[in-house]
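Notes follow once the structure below has been shown.
The values are calculated or read from the model by the stated rules, or taken from the named source; none is laboratory data. Fair warning: this is a prediction, and the values are worked out from it, not measured in the lab. Positions of Cβ are generated from backbone atoms using ideal geometry, with glycine treated the same way; all protein chains shown enter the neighbour counts. Remember, those area values only see protein heavy atoms, side chains included, never the ligands or the DNA or RNA. Shrake-Rupley method; radii C 1.70, N 1.55, O 1.52, S 1.80 Å.
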Amino acid sequence: METLLKELSNKIEVNLTEEQISKFVTYKELLKDWNQKINLTAITEDSEIVLKHFVDSLTVLKYIPQNANVIDVGTGAGFPGIPTKIAREDVSVTLLDSLNKRINFLNDVIEKTNLENIKTVHGRAEDFGQNKEYRERYDVAVARAVANLSTLTELCLPFVKVSGSFIAMKGNSTEEFEEAQKAIEMLGGKIEKIDKFNLPGTDIERNIVVIKKINKTPNQYPRKAGTPANKPIK
Ligand code: SAM
(Lines give C-alpha, C1' and ligand atoms only; values in the text may rest on other atoms or scores of the structure.)
Protein backbone atom coordinates (compact mmCIF):
# COMPACT_ATOMS: atom_id res chain seq x y z
CA MET A 1 0.00 0.00 0.00
CA GLU A 2 2.86 2.37 0.83
CA THR A 3 4.37 2.15 -2.68
CA LEU A 4 1.02 2.66 -4.40
CA LEU A 5 0.19 5.68 -2.24
CA LYS A 6 3.59 7.22 -2.94
CA GLU A 7 3.34 6.59 -6.68
CA LEU A 8 -0.24 7.88 -7.10
CA SER A 9 0.24 10.92 -4.89
CA ASN A 10 3.37 11.84 -6.88
CA LYS A 11 1.22 11.79 -10.02
CA ILE A 12 -0.95 14.55 -8.56
CA GLU A 13 2.19 16.42 -7.45
CA VAL A 14 1.87 15.64 -3.75
CA ASN A 15 5.08 14.37 -2.19
CA LEU A 16 4.44 12.56 1.06
CA THR A 17 7.18 11.94 3.65
CA GLU A 18 7.74 8.51 5.23
CA GLU A 19 6.10 9.80 8.40
CA GLN A 20 3.01 10.96 6.51
CA ILE A 21 2.80 7.62 4.66
CA SER A 22 2.91 5.78 7.97
CA LYS A 23 0.01 7.93 9.25
CA PHE A 24 -2.00 6.89 6.19
CA VAL A 25 -1.24 3.24 6.98
CA THR A 26 -2.54 3.68 10.55
CA TYR A 27 -5.62 5.49 9.21
CA LYS A 28 -6.31 2.68 6.72
CA GLU A 29 -6.02 0.03 9.45
CA LEU A 30 -8.39 1.89 11.77
CA LEU A 31 -10.82 2.43 8.88
CA LYS A 32 -10.93 -1.31 8.19
CA ASP A 33 -11.22 -2.24 11.89
CA TRP A 34 -14.00 0.22 12.71
CA ASN A 35 -15.79 -0.62 9.46
CA GLN A 36 -16.51 -4.09 10.90
CA LYS A 37 -18.57 -2.45 13.65
CA ILE A 38 -20.01 0.71 12.13
CA ASN A 39 -20.78 1.67 8.56
CA LEU A 40 -17.96 3.92 7.34
CA THR A 41 -17.29 2.93 3.74
CA ALA A 42 -18.23 0.42 1.06
CA ILE A 43 -14.62 0.52 -0.18
CA THR A 44 -12.52 -2.08 1.64
CA GLU A 45 -9.64 -3.15 -0.67
CA ASP A 46 -6.34 -1.45 0.20
CA SER A 47 -5.69 -0.32 -3.39
CA GLU A 48 -9.20 1.14 -3.67
CA ILE A 49 -8.89 2.94 -0.32
CA VAL A 50 -5.64 4.46 -1.56
CA LEU A 51 -7.07 5.64 -4.88
CA LYS A 52 -10.70 6.50 -4.14
CA HIS A 53 -10.34 7.84 -0.62
CA PHE A 54 -6.76 8.96 0.02
CA VAL A 55 -5.56 10.16 -3.39
CA ASP A 56 -8.98 11.52 -4.33
CA SER A 57 -8.98 13.55 -1.09
CA LEU A 58 -5.46 14.84 -1.77
CA THR A 59 -6.58 16.37 -5.09
CA VAL A 60 -8.11 19.20 -3.02
CA LEU A 61 -4.76 20.33 -1.55
CA LYS A 62 -3.76 22.68 -4.32
CA TYR A 63 -6.90 24.79 -3.76
CA ILE A 64 -6.11 25.37 -0.07
CA PRO A 65 -3.91 28.41 0.70
CA GLN A 66 -1.02 28.27 3.19
CA ASN A 67 -2.09 28.31 6.88
CA ALA A 68 -5.80 28.20 5.96
CA ASN A 69 -8.50 27.46 8.50
CA VAL A 70 -10.54 24.70 6.80
CA ILE A 71 -13.90 23.05 7.60
CA ASP A 72 -14.87 19.70 6.07
CA VAL A 73 -18.68 19.57 6.02
CA GLY A 74 -20.20 16.04 6.17
CA THR A 75 -16.76 14.52 6.56
CA GLY A 76 -18.05 10.96 7.21
CA ALA A 77 -14.99 8.76 7.69
CA GLY A 78 -12.76 11.85 7.32
CA PHE A 79 -12.69 12.60 3.58
CA PRO A 80 -11.16 14.89 2.48
CA GLY A 81 -10.35 16.46 5.90
CA ILE A 82 -8.03 13.84 7.44
CA PRO A 83 -5.82 13.28 4.34
CA THR A 84 -5.63 17.09 4.04
CA LYS A 85 -4.39 17.41 7.62
CA ILE A 86 -1.92 14.50 7.30
CA ALA A 87 -0.39 16.03 4.17
CA ARG A 88 -0.50 19.70 5.24
CA GLU A 89 0.81 20.55 8.68
CA ASP A 90 0.23 24.28 8.05
CA VAL A 91 -3.59 24.09 7.89
CA SER A 92 -6.13 23.90 10.75
CA VAL A 93 -9.02 21.53 10.15
CA THR A 94 -12.54 21.20 11.60
CA LEU A 95 -14.35 17.96 10.78
CA LEU A 96 -18.14 18.28 10.98
CA ASP A 97 -20.62 15.40 10.79
CA SER A 98 -24.11 14.72 12.08
CA LEU A 99 -23.42 11.04 12.91
CA ASN A 100 -21.81 10.62 16.32
CA LYS A 101 -20.44 7.12 15.64
CA ARG A 102 -18.35 8.56 12.83
CA ILE A 103 -17.13 11.35 15.12
CA ASN A 104 -15.95 8.69 17.62
CA PHE A 105 -14.01 6.98 14.83
CA LEU A 106 -12.43 10.29 13.75
CA ASN A 107 -11.33 11.05 17.32
CA ASP A 108 -9.60 7.67 17.46
CA VAL A 109 -7.79 8.35 14.16
CA ILE A 110 -6.67 11.80 15.35
CA GLU A 111 -5.32 10.34 18.59
CA LYS A 112 -3.51 7.38 17.01
CA THR A 113 -1.93 9.43 14.21
CA ASN A 114 -0.96 12.29 16.60
CA LEU A 115 -2.56 14.96 14.43
CA GLU A 116 -2.59 18.51 15.79
CA ASN A 117 -4.71 21.57 14.95
CA ILE A 118 -7.65 19.40 14.01
CA LYS A 119 -10.98 19.05 15.83
CA THR A 120 -14.23 17.17 15.37
CA VAL A 121 -17.70 18.65 15.73
CA HIS A 122 -20.86 16.61 16.04
CA GLY A 123 -23.93 18.26 14.57
CA ARG A 124 -25.72 19.49 11.50
CA ALA A 125 -24.26 22.04 9.15
CA GLU A 126 -27.58 23.95 9.22
CA ASP A 127 -27.19 24.54 12.99
CA PHE A 128 -23.47 25.28 13.07
CA GLY A 129 -23.79 27.60 10.08
CA GLN A 130 -25.98 29.85 12.28
CA ASN A 131 -23.61 29.64 15.27
CA LYS A 132 -21.47 32.78 15.46
CA GLU A 133 -18.40 30.82 16.54
CA TYR A 134 -18.48 28.98 13.20
CA ARG A 135 -20.28 31.31 10.80
CA GLU A 136 -17.94 33.14 8.39
CA ARG A 137 -14.90 31.98 10.40
CA TYR A 138 -13.22 29.77 7.78
CA ASP A 139 -10.91 30.52 4.86
CA VAL A 140 -12.06 27.37 3.07
CA ALA A 141 -15.01 24.96 3.33
CA VAL A 142 -14.64 21.60 1.55
CA ALA A 143 -17.15 18.82 0.97
CA ARG A 144 -17.22 15.54 -0.91
CA ALA A 145 -20.29 13.39 -1.61
CA VAL A 146 -22.75 15.11 0.74
CA ALA A 147 -25.54 16.66 -1.37
CA ASN A 148 -26.34 18.27 -4.72
CA LEU A 149 -24.48 21.51 -5.37
CA SER A 150 -27.40 23.85 -4.56
CA THR A 151 -28.03 22.19 -1.16
CA LEU A 152 -24.33 21.83 -0.49
CA THR A 153 -23.66 25.51 -1.11
CA GLU A 154 -26.31 26.42 1.47
CA LEU A 155 -24.65 24.03 3.95
CA CYS A 156 -21.08 25.18 3.29
CA LEU A 157 -20.88 28.82 2.16
CA PRO A 158 -22.16 30.27 5.50
CA PHE A 159 -18.96 28.98 7.16
CA VAL A 160 -16.69 30.87 4.74
CA LYS A 161 -15.31 34.39 5.32
CA VAL A 162 -15.84 36.92 2.52
CA SER A 163 -12.98 36.41 0.02
CA GLY A 164 -12.53 32.79 1.16
CA SER A 165 -13.73 29.83 -0.89
CA PHE A 166 -15.93 26.76 -0.93
CA ILE A 167 -14.42 23.77 -2.74
CA ALA A 168 -16.94 21.12 -3.84
CA MET A 169 -15.57 17.71 -4.90
CA LYS A 170 -17.98 16.28 -7.43
CA GLY A 171 -18.51 13.63 -10.06
CA ASN A 172 -19.57 14.83 -13.47
CA SER A 173 -22.80 16.77 -13.60
CA THR A 174 -22.89 19.88 -15.73
CA GLU A 175 -26.65 20.08 -15.25
CA GLU A 176 -26.28 20.08 -11.45
CA PHE A 177 -23.75 22.91 -11.69
CA GLU A 178 -26.09 24.97 -13.85
CA GLU A 179 -29.04 24.36 -11.51
CA ALA A 180 -26.99 25.61 -8.57
CA GLN A 181 -26.15 28.99 -10.14
CA LYS A 182 -29.01 30.86 -8.47
CA ALA A 183 -28.30 29.39 -5.01
CA ILE A 184 -24.61 30.22 -5.29
CA GLU A 185 -25.38 33.84 -6.14
CA MET A 186 -28.04 34.23 -3.41
CA LEU A 187 -25.69 32.82 -0.79
CA GLY A 188 -22.91 35.28 -1.65
CA GLY A 189 -20.80 33.13 -3.96
CA LYS A 190 -19.52 33.07 -7.51
CA ILE A 191 -18.16 30.07 -9.43
CA GLU A 192 -14.50 30.85 -10.06
CA LYS A 193 -13.73 27.69 -12.01
CA ILE A 194 -14.56 24.03 -12.49
CA ASP A 195 -11.52 21.78 -12.88
CA LYS A 196 -12.18 18.46 -14.60
CA PHE A 197 -9.67 15.61 -14.37
CA ASN A 198 -9.31 11.84 -14.05
CA LEU A 199 -8.03 10.07 -10.95
CA PRO A 200 -4.43 9.05 -11.76
CA GLY A 201 -4.12 5.97 -13.96
CA THR A 202 -7.91 5.60 -14.38
CA ASP A 203 -10.80 6.98 -16.40
CA ILE A 204 -12.69 7.92 -13.23
CA GLU A 205 -13.77 11.50 -13.74
CA ARG A 206 -13.73 14.13 -11.02
CA ASN A 207 -14.73 17.78 -10.90
CA ILE A 208 -13.58 20.36 -8.42
CA VAL A 209 -15.88 23.36 -8.27
CA VAL A 210 -14.23 26.43 -6.78
CA ILE A 211 -16.75 28.94 -5.43
CA LYS A 212 -15.41 32.27 -4.27
CA LYS A 213 -17.31 34.08 -1.50
CA ILE A 214 -17.80 37.63 -2.70
CA ASN A 215 -20.60 38.82 -0.36
CA LYS A 216 -21.80 37.94 3.12
CA THR A 217 -24.42 35.17 3.26
CA PRO A 218 -27.88 36.62 4.10
CA ASN A 219 -28.89 35.83 7.72
CA GLN A 220 -31.76 33.53 6.79
CA TYR A 221 -29.32 30.95 5.35
CA PRO A 222 -28.75 28.16 6.12
CA ARG A 223 -32.44 27.46 6.72
CA LYS A 224 -33.53 25.02 9.42
CA ALA A 225 -32.18 21.43 9.43
CA GLY A 226 -33.50 19.42 6.51
CA THR A 227 -34.83 22.36 4.46
CA PRO A 228 -31.72 22.86 2.26
CA ALA A 229 -32.06 19.22 1.06
CA ASN A 230 -35.88 19.10 0.92
CA LYS A 231 -36.36 22.46 -0.74
CA PRO A 232 -33.14 23.38 -2.53
CA ILE A 233 -32.90 27.02 -3.66
CA LYS A 234 -33.87 27.10 -7.36
N1 SAM B 1 -17.32 13.31 2.84
C2 SAM B 1 -17.25 11.87 3.12
C3 SAM B 1 -16.73 11.13 1.91
O4 SAM B 1 -16.62 11.72 0.84
O5 SAM B 1 -16.42 9.94 2.03
C6 SAM B 1 -18.58 11.32 3.58
C7 SAM B 1 -19.68 11.27 2.57
S8 SAM B 1 -21.16 10.57 3.22
C9 SAM B 1 -21.95 10.04 1.75
C10 SAM B 1 -22.08 12.01 3.71
C11 SAM B 1 -21.82 12.42 5.15
O12 SAM B 1 -22.41 13.69 5.37
C13 SAM B 1 -22.42 11.47 6.17
O14 SAM B 1 -21.44 11.07 7.10
C15 SAM B 1 -23.54 12.29 6.84
O16 SAM B 1 -23.69 11.98 8.22
C17 SAM B 1 -23.04 13.72 6.63
N18 SAM B 1 -24.09 14.73 6.53
C19 SAM B 1 -25.13 14.76 5.65
N20 SAM B 1 -25.88 15.86 5.83
C21 SAM B 1 -25.30 16.57 6.84
C22 SAM B 1 -25.61 17.80 7.50
N23 SAM B 1 -26.68 18.50 7.13
N24 SAM B 1 -24.80 18.23 8.47
C25 SAM B 1 -23.71 17.49 8.84
N26 SAM B 1 -23.37 16.30 8.28
C27 SAM B 1 -24.16 15.85 7.29
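Details
- Selected from 103, 194, 82 as most flexible by GNM, with the chain as the system and alpha-carbon contacts under 10 Å: 194
- Within region 1-115: Cβ-based charge dipole about Cα centre, in debye rounded to nearest 20 (Lys, Arg +1; Asp, Glu -1): 260
- Candidates 188, 123, 81: whichever shows maximal mean-square fluctuation once the chain is modelled as a Gaussian network with Cα springs under 10 Å: 123
- Gain upon complete extension [residue 198, residue 36; 0.36 nm per residue less C-alpha separation]: 55.3 nm
- Share antiparallel - DSSP beta bridges, the chain, percent rounded to 5: 45
- Cα centroid separation, region 190-221 to region 72-123 (Å): 21
- Scalar couplings 3J(HN,Hα) for region 217-234, obtained by applying the Karplus form with A = 6.51, B = -1.76, C = 1.60 to θ = phi - 60°, are 7, x, 3, 6, 10, x, 6, 5, 3, x, 5, x, 7, 6, 10, x, 4, 10 Hz; x denotes Gly and Pro.
- Here the label points at residue 117 and residue 1, each 7 Å from Cα along the C-beta direction, are separated by 2.6 nm in the simple model.
- Here the Karplus relation 6.51 cos²θ - 1.76 cosθ + 1.60, evaluated at θ = phi - 60°, turns the backbone of region 114-119 into coupling constants of 6, 7, 10, 6, 9, 9 Hz, with x for every Gly and Pro.
- Length gained on full extension, residue 174 to residue 90: 26.9 nm, using 0.36 nm per residue less the C-alpha separation.
- Accessible area per residue, Å², region 106-160 with all protein chains present, probe 1.4 Å: 41
- Size of electric dipole in the chain: Cβ of Lys, Arg +1 and of Asp, Glu -1, about Cα centre, debye, nearest 20: 920
- Using C-alpha pairs below 8 Å separated by at least 6 residues, the relative contact order for the chain is 16 percent.
- Gyration tensor verdict on region 1-127 (Cα atoms; rounded if a/c is under 1.5, prolate if a/b is larger than b/c, oblate otherwise): oblate
- Shape call, region 109-234: gyration tensor on alpha carbons, a/c limit 1.5: oblate
- Local electrostatic count at residue 115 - Lys and Arg +1, Asp and Glu -1, tallied over other residues with Cβ under 14 Å: -2
- Lys/Arg +1, Asp/Glu -1 at C-beta; the chain dipole; positive extreme among 67, 43, 188: 188
- The apolar share of the surface of region 20-89, taken as the fraction of accessible area on carbon and sulfur atoms (1.4 Å probe, ligands and nucleic acids excluded), comes to 44 percent.
- 3J(HN,Hα) along region 85-100: 5, 4, 7, 10, 5, 6, 8, 9, 10, 10, 9, 10, 8, 8, 9, 5 Hz, from the Karplus curve 6.51 cos²θ - 1.76 cosθ + 1.60 with θ = phi - 60°, whole Hz, x for Gly and Pro.
- Direction-averaged projected area, Cα convex hull, the chain: 11.5 nm², rounded to one decimal.
- Sites listed here are trypsin sites (Lys or Arg not before Pro) in region 49-139 whose DSSP assignment is loop and whose Cβ has at most 10 other Cβ atoms within 10 Å: 132.
- When only Cα pairs below 8 angstrom with a gap of at least 6 residues are kept, region 46-133 shows a relative contact order of 26 percent.
- For residue 78, net neighbour charge (Lys/Arg +1, Asp/Glu -1) across residues whose Cβ lies under 15 Å away: +4
- For residue 182 and residue 108, the difference between the fully extended length at 0.36 nm per residue and the C-alpha to C-alpha distance is 22.7 nm.
- Over 20 Å (Cα to Cα) - which of 32/101; 112/161; 32/62; 132/161 fall in this group: 112/161; 32/62
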